[in-house]
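Here the structure is laid out as structure tokens; the discussion comes afterwards.
Values in this text are rule-based calculations from the coordinates and carry no lab data. Please read all numbers here as calculations on a predicted model, not as lab measurements. In this analysis, Cβ positions are derived from the backbone assuming ideal geometry, glycine residues included, and neighbour counts consider all displayed protein chains.
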Amino acid sequence: MASVAVIVVAFAGRWAWKRYGTRLPKPFSLVAVYLEAVWVCFSLFLISDGIDAVTAWVDGRATMVWIGHLREWVGSQLTPIAWIWDGVEWLLGEAGGILIQPLACWRSPV
């Protein structure tokens, strides 16, 4: 809850700076940069924690455990299928990074 409060205060401060920044001395622009960094970083940390919680919840479900056991059984029975399964997992992991990386570099045209 404290993280949400920090995000709200920093975002509100940044919004106020955008609105009233022309009336303040230029050295105070460092405060605006700090507030921007704070609300963005805390938001990313909060989103990351949420994703980790959801991932842990999904991994603990009976279906995911059953799929894990199925993969182990198929891998022990047919080794080439285990290699293919590992390759698909690797490919999806790499594709996810490649597809998400441009979003990290994207800047809003504000």
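How many residues does the range 30-57 hold that are in contact (Cβ under 8 Å) with a residue 24 or more places away in the chain and of a type in the set (Val, Ile, Thr)? Counting residues in the range 30-57 that are in contact (Cβ under 8 Å) with a residue 24 or more places away in the chain and of a type in the set (Val, Ile, Thr) gives 1.
Kindly establish whether Val4 is part of a helix (DSSP H, G or I), of a type in the set (A, V, I, L, M) and touching a residue at least 12 places away in the same chain (Cβ under 8 Å).
Considered against the rule, which asks whether it is part of a helix (DSSP H, G or I), of a type in the set (A, V, I, L, M) and touching a residue at least 12 places away in the same chain (Cβ under 8 Å), Val4 comes out as yes.
If you check Leu30, Leu35, Leu44, Leu70 for being surrounded by fewer than 10 Cβ atoms within 10 Å (Cβ to Cβ) and assigned to a helix (DSSP H, G or I), only one passes: Leu30.
Residues of the range 12-20 include none that is free of Cβ contacts under 8 Å to residues at least 12 places away in the same chain and within 20 Å of the chain's Cα centre (by Cα).
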